[in-house]
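What follows is a set of notes on a single structure, which appears directly below.
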């Protein structure tokens, strides 16, 4: 309930600002719309690139093509004389892709290994809301595709966090939303939510 009241207060302040300073509000809205349009354009370019990779097929005499594009590993290979198989897999910022060719299989296609789940040690930080906005610093210790867990600290409490990359619906490759819980320095249970990035 307290959060809803604060949200309504923010909306009221924004409306008051727009009424008192309409030119400034219009400039802010225009900047927001330009950023949104740029993001949509970038997203459509990415989809176009992936669609082109799927449609183009394979050049004659080529068995397989592997393309690493931002957070995607796109693989196309020939299955029989005419059938072309297409695979599109997510590559987390923490992960890596390796291509291996086995010595004992003459003429075999390369194998692609995508490390999309593992343990890691990535320092990061961000802003969390738990009764008020707080800066946070954390250490990511495990990830699975877009999800990860971190151990963090704020000025008021230590916490354990579950986070998710939001690169599938925003233009930001290294931004995550998170939910957290922990114990404050005066031994009270705390929980909150926020955003983080890897350093």
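The values are calculated or read from the model by the stated rules, or taken from the named source; none is laboratory data. If you're wondering where the values come from, they're calculated on a predicted model, not measured in any experiment. Note that we place each Cβ from the backbone using ideal geometry, even for glycine, and neighbour counts take in every protein chain shown.
Among the residues of the range 141-188, write down those that are farther than 30 Å from residue 37 by Cα and outside any strand (DSSP E or B). Residues satisfying the conditions are 154, 155, 156, 185, 186, 187, 188. Are any of the residues in the range 128-136 in contact (Cβ under 8 Å) with a residue 12 or more places away in the chain, under 19 Å from the mean Cα position of the chain (by Cα) and not assigned by TED's automatic domain parsing to the domain that holds residue 6? The answer is yes, given that some residue of the range 128-136 is in contact (Cβ under 8 Å) with a residue 12 or more places away in the chain, under 19 Å from the mean Cα position of the chain (by Cα) and not assigned by TED's automatic domain parsing to the domain that holds residue 6. Condition (residue is touching a residue at least 40 places away in the same chain (Cβ under 8 Å) and outside the structural domain of residue 91 (by TED's automatic domain parsing)) applied to the range 156-166: is it met by at least one residue? Yes; the residues of the range 156-166 include at least one that is touching a residue at least 40 places away in the same chain (Cβ under 8 Å) and outside the structural domain of residue 91 (by TED's automatic domain parsing). Scanning the range 153-185 for residues that are surrounded by fewer than 15 Cβ atoms within 10 Å (Cβ to Cβ) and out of contact with any strand residue (DSSP E or B) (no Cβ under 9 Å at 6 or more places or on another chain) returns 169, 170. Selection over the range 87-111 of residues that are modelled with pLDDT of 80 or more and surrounded by 10 or more Cβ atoms within 10 Å (Cβ to Cβ) gives a count of 14.
Within the range 128-140, being part of a strand (DSSP E or B) and surrounded by 13 or more Cβ atoms within 10 Å (Cβ to Cβ) holds for 128, 129, 134, 136, 137, 138, 139, 140.
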